[in-house]
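The values are calculated or read from the model by the stated rules, or taken from the named source; none is laboratory data. Nothing here was measured: the structure is a model prediction, and the numbers come from that model. Don't worry about glycine lacking a Cβ; one is built from the backbone with ideal geometry, like all the others, and counts go over all protein chains shown. Note: areas computed on protein heavy atoms with side chains; ligands, DNA, RNA excluded. Shrake-Rupley method; radii C 1.70, N 1.55, O 1.52, S 1.80 Å.
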Amino acid sequence: MSPERLSEGDRSRFETLSVTYGEEPDLSNGMGDVTVPIHLASTYAVEGIDMDTGLDDLDPDQDQFLYTRLSNPTRHALEKRLAALEDGDHAMAFASGTSAIVSTVMAAVEPGDHIVAFEDLYGGTNTMLKELFRDKLNVGVDFVDAADPEEVAEAMTEDTTLLWMETPTNPLLRLCDIEAMAEIADEFGALLGVDNTFMGPYFQRPLQLGADVVVHSTTKYLNGHSDSLGGAAITSDDEFAEEIGFLQQVGMGNVLAPFDAYMVLRGLKTLPLRMRQHAHNASEVASYLEAHDRVKTVHFPGLESHPQYELASQQMDDYGGVLSFELDGDLADVERFVANLDEFTLAVSLGGVESLLEHPASMTHSPLPEEEREALGITETLLRVSVGIEHPKDLLEDLESAFEAIGAESEDAPETAASMD
Ligand code: PLP
């Protein structure tokens with residue numbers, strides 16, 4: 001099957017490419033596996049000594065492999081599929097989302113350069129930009145509210161080589177306009193990188209909107225089953241791909257292992273089915289929470305009350321499976337609420353088939369200083385939910401019983417305390 005472009009309006013190709021692309025059965029060995037085998041070999045026999053063939057001439061598409069860190073057939077199959085799904089020419093699979101981000105940022109900057117990034121980023125990326133790029137590698141870093149393109153344009157300087165975005169963000173589900181970001185980046189001769197982990201390529205394709213590179217934590221929706229750690233970078237810029245590939249294979253050697261490449265290939269086969277159910281369930285949960293009198297605010301781009309609902313509807317094909325909400329109460333109420341849930345597991349991470357819930361102030365965003373968290377709106381009563389693909393009725397009933405429990409326990413609390421005197 002040829003890697004046809006996933007042009008807009010041809011989303012049906014996505015579902016077909018997710019299942020088979022990059023994994024065509026190979027009958028030349030007399031077997032014809034319909035799924036790519038997990039190739040564990042670290043090294044490959046070569047035909048003979050050939051002084052004319054350098055490493056650069058080895059072509060995985062011609063089944064020429066030398067050493068697994070450089071290229072591996074299982075990883076290569078995944079990289080082909082990821083490039084097709086994100087509508088890019090090159091994909092590189094990494095040992096984690098973090099290693100995909102560090103290699104991509106490293107490929108885009110040199111000491112003395114400057115990065116402008118969304119202030120509301122995954123905590124690990126925020127820390128990496130500050131403590132590695134700014135403090136150790138002498139790269140200037142400014143964080144801005146990228147929901148406002150004017151703030152981004154004002155922060156750009158002649159040294160800015162990279163604009164780094166997530167949309168929607170974690171945990172407040174704020175958006176930036178990818179097309180507007182691409183225009184600003186172009187104007188300053190900078191590259192635009194978008195972490196597309198929260199939406200995935202089924203709902204949002206930043207390269208089509210002008211981004212130069214897309215990264216993923218494949219740990220989340222792309223693998224989708226909370227049982228593999230990985231990452232990826234996808235771009236159509238040949239020169240940038242070469243720089244990222246150098247870091248992946250030689251400069252850092254942070255490649256995805258063959259077993260995990262197989263897991264992600266397998267997860268991708270059901271990506272469209274899972275994403276549709278995640279989005280459906282998240283929208284049910286968001287509407288339920290919005291109507292509840294013990295909920296102060298719900299952050300979900302699919303709610304008309306979301307301040308960027310219009311942008312979300314233009315830029316994304318659906319609204320994803322992650323939301324956050326603020327409970328009307330105090331930390332003790334949050335603790336009781338969480339303790340009374342059965343279907344939602346208290347755990348970090350997201351994008352798996354099971355529903356997870358986490359408390360950003362004490363979990364994912366605890367490395368941020370308290371003032372920074374508060375300035376961002378990450379309060380003690382904020383909970384982030386990764387809505388799974390279970391039956392929505394069970395999820396809503398579970399939430400209802402946890403709300404009932406905090407209602408009852410809050411009223412009982414003074415009595416209990418008094419009876420202990
Ligand atoms: N990007 C986003 C948006 C994330 O949420 C995460 C992890 O939670 C990462 C990147 C890092 O990915 P990994 O944990 O696979 O290194």
Most fluctuating of 369, 201, 307 in the GNM of the chain (C-alpha, under 10 Å) is 369
Roughly how many whole Å is it from the C-alpha centroid of the range 315-341 to that of the range 185-246? 27
Residue-averaged 222 nm ellipticity for the chain, from DSSP H runs of 4+ at -39500 (n - 2.57), nearest 500: -11000 deg cm²/dmol
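How high is the relative contact order of the range 246-348, in percent, with contacts defined as C-alpha pairs under 8 Å that are six or more residues apart? List each step's numbers first, then the result.
Values: 75 pairs, mean separation 23.7, N = 103.
Value for the range 246-348: 23 percent.
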Share of the range 66-162's accessible area from carbon and sulfur, percent, 1.4 Å? 47
May I ask which residue of 91, 125, 172 lies farthest towards the positive end of the charge dipole of the range 73-184, with charges of +1 (Lys, Arg) and -1 (Asp, Glu) on Cβ and the Cα centre as origin? 91
Excluding residues on the same chain fewer than 8 positions from residue 220, give the aspartates and glutamates whose Cα lies under 16 Å from its Cα. 86, 166, 195, 260, 354, 358
Mind ranking 355-367, 80-92 by how tightly packed they are, going by the mean number of other C-beta atoms within 10 angstrom, highest first? 80-92, 355-367
Leaving ligands, DNA and RNA out of it, report the carbon-plus-sulfur percent of the accessible area of the range 238-289 at a 1.4 Å probe. 52
Which net charge results for the neighbourhood of residue 350, defined as the other residues with beta-carbon distances under 11 angstrom from its beta-carbon, given Lys and Arg at +1 and Asp and Glu at -1? 0
When only C-alpha pairs under 8 Å and at least 6 residues apart count, what is the relative contact order of the chain, in percent? 15
Filter the DSSP H helices in the chain by two things, a Kyte-Doolittle mean of at least 0.5 and an axial alpha-carbon span of 18 angstrom or more, and list the hits by number. none
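Within the set of other residues whose C-beta is less than 13 Å from the C-beta of residue 139, count the net charge using Lys and Arg as +1 and Asp and Glu as -1.
Overall, the nearby charge balance is -3.
What is the extension gain from residue 375 to residue 227, computed as 0.36 nm multiplied by their sequence separation minus the C-alpha to C-alpha distance, in nm to one decimal? Please report the intermediate quantities before stating the final value.
Values: separation 148, 0.36 × 148 = 53.28 nm, distance 3.40 nm.
Result: 49.9 nm gained on full extension.
Let me know the whole percent of all Cα-Cα pairs from the chain that are separated by more than 26 Å. Walk me through the numbers before you get to the answer.
On the way: 49745 of 88410 pairs.
Value for the chain (Cα pairs over 26 Å): 56 percent.
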Taking every other residue with Cβ under 12 Å from the Cβ of residue 234 and scoring Lys and Arg +1, Asp and Glu -1, one gets -4
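What share of the DSSP beta bridges in the chain is antiparallel, in percent to the nearest 5? Display every interim value, and only then the final one.
On the way: 24 of 43 bridges.
Here the share of antiparallel DSSP bridges comes out near 55 percent.
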Would you mind calculating the relative contact order of the range 312-412 from Cα pairs under 8 angstrom and at least 6 residues apart, reporting the percent as a whole number? 37
